[in-house]
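We did not get these values from a lab; they are worked out from the coordinates using the rules stated. The structure displayed is predicted, hence computed values, not measured ones. Every residue, glycine as well, gets a Cβ built from its backbone with ideal geometry; the counts of neighbours run over all protein chains shown.
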């Protein structure tokens, strides 16, 4: 820890400096004029000239930090945090105190123009990423649903920008192996094609002490085909199809009381995904029309030992199959003069089929059902006639929505004025069936002995349909001023964020359990519509910021301060008592305020330093669960601070094969994180030290790297189940080597 403190202190001295490290990378951060790109279509200019708090990371920097997934840029972007816990299904993202652990995400994700509609598919490896762009704050006006805290735009390498082969091979501790191969070909100036394949395998590091087996193992493969065609000077077609398959173990949750991982039933997560995005753009003299059409499919299976103990309590299986279609049509005026505009129409439809049975086993039947019933009526105790039975739940969830949006942009001298509005309508329905077939025997107590009284058969088959409609207006207003000498701008912005309501499908096991208990004369009957539905989340974001550039000093600075007033914030909670599910509920009102800074610069031609820092203070202003009042407490799971510091030293050599030697030292800091609404459990601020050394050229290089080199002990997740507390420990030191070859 002493070494870590010394490194952290030395980096803090140079915290606020960074640069787009190489000229090639700087080019990738600009608008891709010859390609159809969703961010270029909807933004009036580069993000460092927009009234937005945004961060763009190019290929060189992504390779330097070993980023192959969105999760890899956690903390690199200020106030942007993705914890690593559970499985790749748990793709929770927190930005400025806003986040979601289940159901609909708060941050949108577009990969090669495909808007991912299900957060369960967010965490996957992507080979040959060209750029990652992260816009913070509500982006609902232009990007619609799931973007109330921001949006991430990922663009992969195009065959129009690179031709040839790109190969990558990685080996790391934990018996981790990754490999990718991509072929990029440009037939002529108008046509390009690429195909990429990747494979990854990890045997794991966390051990289940129940059987001595490692549980965080995984295998995954994915492929991508990209086609580009320019028909003439005005029409461009671009299509990207991706496929992926994942087989993963889990979940490494340790029992807080013992500090060990030990459970007896199988846990795993399997996922198959397919996406296809077709983009077509027409550019005329006065306007352009861009159509972005996508289809996406996810088929996954999460199976849990839901008590996470070496006992026979209960298990959960959640099998889902979802298909979604989207259409985004953008008409944009050609940038001439002082006024610019765009109009858009967006429509989507998605259909989810889910099968989610909870299986009660011997001890679960005994302690969660029989004991409650017998304590309530000791003269007529019961005994279940089987030591394992299912509470079955099947769902069909069709959701569709349409929206129209407009943005106007007016420049008068050094002043720029932006106004935008979106009208958004969404309809969601839930067709459910909850059923179980079981029974129990009743005994009669008589003079110290028990005799059989009667048998009760339970045959529950409840069906129903719930539907909800959501209609909202999403405005955005911004004013920016260009500073003299073209050193940057200052802006103020007001925008509304929005996330539609939905249904608590995971609560149906508890609904059915209470229904069963009601047959026995105990327990409370749930109001299904009240328990299963949750309301939309709305926020009003007030922001002031600045983008500054000092070419002579080779320094770039980004600043932002924000205040967010959020109503009906959607929170995931574990209900009190011996329930088996999680519930999405709405906090009455929350406030979040804070600031962000990124500073980038070159000290010399060969030394660059970078840093970003984000601070968020997010608290309940009005929230009571009926038992406790949490007013004034911090929101759970959202970190108070995020910090990223990096220093890069490039040493040229005179040996052509060796090329340059690049040294990188970086540090990621996170915390404090509160784990529950009562703020009784938390993770203090922690820092993770990483480093790498890279030998070679852009065409052939070998990178030796390490993560969490000081073996910092920290936790990424905390929760309670049946009154028991569980934690997931963060990963320890990782050492690896990556070989990249292009030809």
FRET efficiency (residue 317, residue 419; Cβ distance; R0 45 Å; to 0.05) is 0.35
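When the chain is fully extended, how far beyond the present Cα-Cα distance does residue 449 get from residue 622, taking 0.36 nm per residue of separation? Write down the numbers at each step before the final one.
Values: separation 173, 0.36 × 173 = 62.28 nm, distance 5.39 nm.
That pair, residue 449 and residue 622, stretches by 56.9 nm at full extension.
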Of every Cα-Cα pair in region 285-377, the percentage lying beyond 23 Å is 60
Given axes a ≥ b ≥ c from the Cα gyration tensor, I'd like to know whether region 97-187 is rounded (a/c under 1.5), prolate (a/b larger than b/c) or oblate. oblate
May I ask you to compute the full-extension gain from residue 519 to residue 243, defined as 0.36 nm times their residue separation minus their alpha-carbon distance, rounded to one decimal in nm? 94.6 nm
Please determine, in degrees from 0 to 90 and to the nearest 10, the orientation of helix 508-519 with respect to the longest principal axis defined by the Cα atoms of the chain, where the helix direction is its Cα long axis. 10
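Counting DSSP beta bridges with both partners in region 137-274, what percentage is antiparallel, nearest 5?
Numbers: 56 of 56 bridges.
Once the DSSP bridges in region 137-274 are tallied, antiparallel ones form about 100 percent.
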Provide the descending list of Cα extents for region 326-439 along its principal axes, expressed in whole angstroms. 86, 28, 18
How far apart, in nanometres, would the label points at residue 274 and residue 258 be if each is projected 7 angstrom from Cα along the Cα-to-Cβ direction? 4.4
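Apply the a/c threshold of 1.5 to the C-alpha gyration tensor of region 116-252 and tell me whether it is rounded, prolate or oblate.
Numbers: a/c = 3.06, a/b = 1.49, b/c = 2.06.
Oblate is the answer for region 116-252, as a/c is 1.5 or above yet b/c matches or exceeds a/b.
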Just how far, in whole angstrom, is region 89-150 from region 311-349 if you go by their alpha carbon centroids? 10
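Expressed as a fraction of 2.2 N^0.38 Å, the rule-of-thumb size for a compact globular protein of N residues, what is the C-alpha radius of gyration of region 2-742?
Taking N as the residue count of region 2-742, the ratio is 1.00.
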Between 0 and 90 degrees, rounded to the nearest ten: what's the tilt of helix 2-13 against the longest Cα principal axis of the chain? 40
Arranged by the count of other C-beta atoms within 10 angstrom, fewest first, what order do 386, 370 take? 386, 370
Enumerate the residues in region 370-401 having an amide nitrogen under 18 Å from the point lying 7 Å beyond the Cα of residue 349 toward its Cβ. 396-401
Give me 717, 345 sorted ascending by neighbouring Cβ count inside 10 Å, so fewest comes first. 345, 717
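Ranking 447, 556 by Cβ neighbours within 10 Å, fewest first, what do you get? Before the final figure, lay out each step's value.
Working: 447 4, 556 22.
Fewest-to-most ranking of 447, 556: 447, 556.
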Grab the Cα-Cα distance for residue 331 and residue 295, subtract it from 0.36 nm times how many residues apart they are, and report the gain in nm with one decimal. 10.8 nm
Over region 533-678, how many percent of alpha carbon pairs lie in each 10 Å bin up to the one with the longest distance? 10, 27, 24, 17, 13, 7, 2, 0
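Grab the beta carbon distance between residue 651 and residue 45, set R0 = 41 Å, and tell me the FRET efficiency rounded to 0.05.
Given R0 = 41 Å and the Cβ-Cβ separation, E is 0.65.
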Residues in region 323-362 reached by a label modelled at residue 427 [backbone nitrogen below 16 Å; 7 Å Cα→Cβ]: 347-352
How many angstrom lie between the Cα centre of region 647-704 and the Cα centre of region 397-437? 38
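What relative contact order, as a whole-number percentage, does region 257-391 give when Cα pairs under 8 Å and 6 or more residues apart are counted? Don't skip to the end; give the middle numbers.
Working: 271 pairs, mean separation 27.8, N = 135.
Taking the mean separation of contacting Cα pairs over the length of region 257-391, I get 21 percent.
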Pairs of Cα atoms under 8 Å, at least six residues apart: use those to get the relative contact order of the chain, whole percent. 12
